[in-house]
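The values are calculated or read from the model by the stated rules, or taken from the named source; none is laboratory data. Bear in mind that the values here come from a model prediction, so they are computed numbers and not experimental data. Cβ sites come from the backbone with ideal geometry, for glycine too, and all protein chains shown count toward neighbours. Accessible surface is based on the protein model in full, side chains and every heavy atom, while ligands, DNA and RNA are left aside. Shrake-Rupley method; radii C 1.70, N 1.55, O 1.52, S 1.80 Å.
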Amino acid sequence: MSHLLTQEEATARAQELRKTLNRYAFEYYVKDQPSVEDYIYDKLYTELVQIEEQYPELIMSDSPTQRVGGKVIEGFEKAVHDIPLYSLNDVFSKEELIQFDQRVQKTVGHPVSYCCELKIDGLSISLRYENGLFVRGATRGDGSVGENITENLKTVNSIPLRLNEDISVEVRGECYMPKASFVKLNQEREEAGQDVFANPRNAAAGSLRQLDTKVTAQRKLDTFLYTVADFGPMTSKTQYDALNELSEIGFRTNPEKRLCNTVDEVWAFIQEYHDKRAELPYEIDGIVIKVNDFDIQESLGFTVKAPRWAAAYKFPPEEAQTVIEDIEWT
Ligand SMILES: NC(=O)c1cnc(OC2CCCC2)nc1N
């Protein structure tokens, strides 16, 4: 119980509590390695809530008390992407994968290494940080203009409100609903006589388009980040290293990545995760293959809509689910 603190004591204590609580939350939601029991977190959280009630001017944007939502907004403002979000060229067979690799080698003049990642079936998001603080979150939209959903994304526990370093970057990734959360949500909706969501991707889209952020906060969404758009002071020269650097500065990244030196190694990764797909705690709809070296990516460039240095190998849809309707909101 915090006895009545002076303004100065409260300021110092609130800063210390934000720092400690954000570290505990990073360990729990991003590294999946909590270092303290929940009751410790809850006790400190309650103390911070009391201090913020006593001194509301001490409520900072990176305070964990801001995650519970509660703002009801009128609508979503537009969010212009200074650096566009690209889509991916799809391939559907080993032959098409080999053709992709041949085209890359022909342009580059030598074999290249690929960073292979699971293709998470969620919603693309772009996150902007200034001096370490989360300042804007947006949907992909048409790649150039999306919707500002910052208030909703603040309720997603794996999105850091403050990075481990006070740097300015813009990163992109996927916001998704874990399979277990999807099943539980649909059971609740069915019991309440509401429509159920066709799949976790629709459920995530529906959850992020909520104007009442308290509803978003209850939906247990999660993230995997995979692209650095504005590097700021980040130094990675390859996609594989960039994924590790994203994790170091505070983002949740998918651990199932693999550096492949030949198209046969890429194919082995594709087969391995096609077989593992059903046991993953989140839905994937394929594998993303990216030329690993950023300088070589730059030499390959982009077509109108997609990079020449990446391909998405698409898995056939899982057992056909009755798709009620796809929420048209990319
Ligand atoms: N859904 C995914 O998991 C995913 C999607 N896209 C990308 O990379 C694109 C982004 C810009 C060019 C390549 N990687 C991913 N892992």
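I'd like to know if the stretch 72-84 contains one or more residues that are acidic (Asp, Glu) and at pLDDT 95 or above. Don't jump to the end; show me each part of the working.
Let us first name the residues in the stretch 72-84 that are acidic (Asp, Glu), namely 74, 77, 82.
Filter once more, keeping what is at pLDDT 95 or above: 77, 82.
Yes: the stretch 72-84 contains one or more residues that are acidic (Asp, Glu) and at pLDDT 95 or above.
Against the conditions (1) in contact with a strand residue (DSSP E or B) (Cβ under 8 Å, 6 or more places away or on another chain); (2) farther than 20 Å from Phe224 by Cβ; (3) at pLDDT below 95, where does Gly301 fall short? Just the number, please.
Status for Gly301: all satisfied but (3).
Identify all residues within the stretch 56-69 that are touching a Ser or Thr at 6+ places or on another chain (Cβ under 8 Å) and open to solvent by 40 Å² or more (accessible area, probe 1.4 Å); write none if there are none. Working first, answer last.
Our first condition is that a residue be touching a Ser or Thr at 6+ places or on another chain (Cβ under 8 Å); within the stretch 56-69, this holds for 58-59, 67-69.
Matches in the stretch 56-69: Ile59, Val68.
Given the residues Ile125, Ile149, Ile167, Ile98, which is the only one that is away from the ligand (no atom under 16 Å from the Cβ), β-branched (Val, Ile, Thr) and open to solvent by less than 10 Å² (accessible area, probe 1.4 Å)?
Every option except Ile149 fails the conditions.
It is to be established whether one or more residues within the stretch 134-145 are assigned to a strand (DSSP E or B), small (Gly, Ala, Ser) and buried (at least 21 other Cβ atoms within 10 Å of the Cβ). Steps first, please.
First pass over the stretch 134-145, keeping only residues assigned to a strand (DSSP E or B): 134-139, 145.
Those still in the list that are small (Gly, Ala, Ser) too: 137-138.
Imposing the further condition that a residue be buried (at least 21 other Cβ atoms within 10 Å of the Cβ) reduces the set to 137-138.
The answer is yes; a qualifying residue exists.
Got a sec? Which of Thr235, Thr253 is among the hydroxyl-bearing types (Ser, Thr, Tyr), more than 13 Å from the ligand (Cβ to nearest atom) and either touching a helix residue (DSSP H, G or I) at 6+ places or on another chain (Cβ under 8 Å) or modelled with pLDDT under 95 (or both)? It would help to see each step written out before you state the result.
Numbers: Thr253 fails: more than 13 Å from the ligand (Cβ to nearest atom).
Only one candidate passes the filter, namely Thr235.
On the basis of being part of a helix (DSSP H, G or I) and open to solvent by 20 Å² or more (accessible area, probe 1.4 Å), does Lys119 make the cut?
no
Name the single residue, out of those in the stretch 244-259 being open to solvent by 10 Å² or more (accessible area, probe 1.4 Å) and of a type outside the set (D, E, K, R), that is nearest to Asn164 (Cα to Cα).
Ser247
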